[in-house]
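The values are calculated or read from the model by the stated rules, or taken from the named source; none is laboratory data. Because the structure is predicted, anything quoted here is derived from the model rather than measured. Neighbour counts run over all protein chains shown; Cβ positions are idealised from the backbone, glycine included.
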Amino acid sequence: MTLGIGPPNLGRVREILSVLVLDYGFGYVFDQLGLSRHLPIGRRRRPSREYAGVSGPRRLRLALAELGPTFIKLGQVLGARGDLLPRPVVQELRRLQDEGPVVPFADARGVIERELGRPLERCFQEVDPEPISSASLGQVHSAALPDGRQVAVKVLRPGVRRVVEADLQILSDAAALLTRQVPALRRHRLPGFVRQFATQMEDEMSYTIEAHNAERLRDALTSAGLRVRVPEVVWDLTAREVLTTERIAARRIDQLADTISTIDRKAAAEEIGRALLHQVFVDGFFHGDPHHGNLLMDDAGRLVLLDFGIVGYLDPRTRRLLCEAVRRVYDQDIEGLVTAMSELGTLGADTDLQSLREELARIVSRFMLLPQREFPMGEVLTRTLHALWLNSVRVPADIPLAAKSLLMAEGVAMDLNPDFDLREVAAPVLREARARELSAEELVDRSTRAIERTFRRLGRLPGRLDRVLSLMEHGGLRVRVEDLDIDTRWGRLSRALNRLALGAVTMGLLVGGAVLLVLGQQATHVALGGIALGGAFLSGLVVVLRTVRPGQL
């Protein structure tokens, strides 16, 4: 059995294996996975003399950097998975810098003219041939528009798309091979991970997507009244491989001198924390890579965000449960935290809730007792996700990205102000998220969606019931009961189902009454709406009382 890779990619495969095995000494990994017989990696298992004294995590970072843009981005993605990888590996991968050699300006000019469909002189008054920065996928040049406005022009590297597509095919084949040959790795769902990574890479190579990300984040932060600037996109000079934005005079936060008196470092640190917390917990659309190079500060002390190729999105339900989990941490409510995190993820067949409960109790205890610098909030979330993974609870992929973003932003803020405490900044943001969650508009929207889901499930019920009856008719239905305390548990389940049914009736009366009161054109409609809301109040009160003091209902 071999990798299903065509002849065009064989040279790249040999290059990858040569770097990993001959230069950096990772051949033993293939031995441990039982893959050596499938790959032409030779017998050498030690790193070259140059890297003989270098630690394994650092050698991994250097190897990924040498292998080029796809593997640099892969390392950055893995650096966000503190829930999956050992801490030393994650810390090293988070140092992976997205850098690349400078592309000659003549090549960059060719990309600009091809993408914009006209000569460079008709697009810009001038373009500096020396790039401001050069990354693995593209480089940025300063330029001036015909009206004199200063802009930044980001250009995709010529030929990089072809290299990335070949690497992604190799990674896809490698994931399939590992899944077939190493049963222990199947729980990691490597093919699905590679597909998600491929989608992210395609998004990062499509600058029009990055432009829309920037505009969306800019609108959200402006609406929230935060002192954060996002460069405005110049749409008529933006295409798939060229992105033109306004250039804001600002400096990297890690390059600010302590002597600069015009910047309130404490206020700036709080603004960084507030901005990212608002993105994650209130809007759900957040910057996925807030390292020092992407966080700048202008002379007025306003935060400037750059580079929107990596973003994350948390849907309303995920945000609500994540906020609930954080509140439970503050309240030291372990049972509530376990419930929220269990709902947030997907329970596996081997999920150990008792072990999860004990691990989360240790994390919460450390969070409440240790100084913030020793156990920052981002670290709390990362360790919580690791506890979930160890106990077979799977969470959406954007949650680890949110944890990494919070941890990075928290680190940048603490560089500005060593006494910065994200927990203090988080309190008002969480209150805002809670207020939005309990707003009338949000409650009606959630109720409507719940009713729609209920009717869809009811619509599927006859078909499922028919399949069950068919299995019973042909003797194919098997029921296994292992719980010896079934009578007690059945009583609890019955009462829970009764409360659930009454809750559904309450929700229906609430939504129906609200609709009649708002849209009703006749007095009868208004009266019926009031009656429905009264019935919803009474039935809801019964549900609450029976939940707090369980009885026979």
Check ARG149, ARG122, ARG109 and return the single one that is surrounded by fewer than 16 Cβ atoms within 10 Å (Cβ to Cβ), free of Cβ contacts under 8 Å to residues at least 60 places away in the same chain and farther than 18 Å from LEU74 by Cα. ARG122
In the range 366-378, which residues are surrounded by fewer than 20 Cβ atoms within 10 Å (Cβ to Cβ) and within 24 Å of PRO88 (Cβ to Cβ)? ARG366, LEU370, PRO371, GLN372, ARG373, GLU374, PHE375
If VAL155 satisfies every condition in (1) surrounded by fewer than 18 Cβ atoms within 10 Å (Cβ to Cβ); (2) at pLDDT 95 or above but one, which is the exception? (1)
Being among the polar types (S, T, N, Q) and surrounded by fewer than 17 Cβ atoms within 10 Å (Cβ to Cβ) is the filter here; which residues of the range 53-94 pass it? SER55, GLN91
Among the residues of the range 89-104, is any among the charged types (D, E, K, R) and in contact with a Ser or Thr (Cβ under 6 Å, 6 or more places away or on another chain)? yes
Scope the range 387-405; condition under 22 Å from GLN354 (Cβ atoms) and within 15 Å of the chain's Cα centre (by Cα); matching residues: ARG394, VAL395
On the basis of being in contact with a helix residue (DSSP H, G or I) (Cβ under 7 Å, 6 or more places away or on another chain), surrounded by 23 or more Cβ atoms within 10 Å (Cβ to Cβ), assigned by TED's automatic domain parsing to the domain that holds GLU343 and closer than 19 Å to ILE253 by Cα, does PHE281 make the cut? no
Wholly inside the range 101-188, helices (runs of 4 or more DSSP H) that include 1 or more residues that are among the basic types (Lys, Arg) and touching a Leu at 6+ places or on another chain (Cβ under 8 Å) are 105-116
Of all residues in the range 44-75, how many are in a helix (DSSP H, G or I), at pLDDT below 85 and not basic (Lys, Arg)? 3
So, of the residues in the range 145-159 that are touching a strand residue (DSSP E or B) at 6+ places or on another chain (Cβ under 9 Å) and of a type in the set (D, E, K, R), which turns out to be farthest from ASP128 (Cα to Cα)? ARG157
Options ILE260, ILE248, ILE209; residue that is at pLDDT 90 or above and outside any helix (DSSP H, G or I): ILE248
Which condition from (1) part of a helix (DSSP H, G or I); (2) at pLDDT 80 or above is the one that VAL29 breaks? (2)
